[in-house]
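Inspection log for the structure reproduced underneath, given as structure tokens.
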Amino acid sequence: MSMIMLILGLSPDESEEMRQNPQRVTTAFERLASARKPGALNMRPTPNGFCLDKRWHLFHYLFTGHGHLGGEPPEGALLAGREIGPAGGYGPARWLEPSDTKKFAAYLRSMTVERLLARVSFDAFRREKIYGYTASEGSEEDRFEVEDDVTTFFPALRDFVIEQAEKERGLLIKLT
């Protein structure tokens, strides 16, 4: 089973409701996960939901330059935020405030696929234990896979985060 990242865009009122009733966090992510089509590239299963799939750690590394968990917005936004809800799966979900979502959106606007691809290092992936890429040797096939992941997922993630920021929404992020 893969360790995947699910992201929900929520208003501050919706996040407060989830803080008051933590079981709603689990329910919201279960709904988002069930909306994904098995085997399909379905990054946006709902208008306010995004699935970064197993590529979350690749992007965390490309944004921050390290593989350790944790971080601060804007670069470390994927693993930042205040814990909210039960600790099921790989820990509790994290709430990124609308102000931090705006910072993350601005950071993503400043990035390009080319800049991210220039940061790719298979030696670093192994050294930093980047999930899903530790066995990569840097072969042409490995490079194609990473290039495909970045060119497919980065624009979709960037557009999703920018859309949520423009709506004054925060991000609820969960590894499951």
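The values are calculated or read from the model by the stated rules, or taken from the named source; none is laboratory data. Values in this document were obtained by computation on a predicted structure and should not be read as measured data. Cβ sites come from the backbone with ideal geometry, for glycine too, and all protein chains shown count toward neighbours.
Confirm whether R109 is in contact with a Lys or Arg (Cβ under 8 Å, 6 or more places away or on another chain), surrounded by fewer than 16 Cβ atoms within 10 Å (Cβ to Cβ) and within 18 Å of F59 (Cα to Cα). Walk me through it before giving the result.
Working: in contact with a Lys or Arg (Cβ under 8 Å, 6 or more places away or on another chain): yes; surrounded by fewer than 16 Cβ atoms within 10 Å (Cβ to Cβ): yes; within 18 Å of F59 (Cα to Cα): yes.
Criteria met by R109.
Report every pair of residues separated by at least 6 positions or lying on different chains whose Cβ atoms are under 9 Å apart, first residue within the stretch 75-102 and under 15 Å from M18 (Cα atoms), second assigned to a helix (DSSP H, G or I) and of a type in the set (G, A, S).
As it stands, the answer is I84/S15; G85/A28; A93/A28; W95/S15; L96/A77; E97/S15, since those pairs meet every condition given.
Would you call V113 over 24 Å from F29 (Cβ atoms), modelled with pLDDT under 95 and of a type in the set (A, V, I, L, M, F, W, C)?
Working: over 24 Å from F29 (Cβ atoms): yes; modelled with pLDDT under 95: no; of a type in the set (A, V, I, L, M, F, W, C): yes.
Criteria not met by V113.
Pairs needed: first member in the stretch 56-73, closer than 16 Å to L96 by Cα; second member anywhere, at pLDDT 90 or above and among the hydroxyl-bearing types (S, T, Y); C-beta distance under 7 Å; at least 6 residues apart or different chains.
G71/T64
For the list (1) touching a Ser or Thr at 6+ places or on another chain (Cβ under 6 Å); (2) buried (at least 19 other Cβ atoms within 10 Å of the Cβ), I need the number of the one condition that P73 fails.
Among (1) touching a Ser or Thr at 6+ places or on another chain (Cβ under 6 Å); (2) buried (at least 19 other Cβ atoms within 10 Å of the Cβ), the lone unmet condition for P73 is (1).
Out of the residues in the stretch 121-173 meeting the condition of being without any contact (Cβ under 8 Å) to a residue 60 or more places away in the chain and within 14 Å of the chain's Cα centre (by Cα), tell me which one is farthest from A28 (Cα to Cα).
P155
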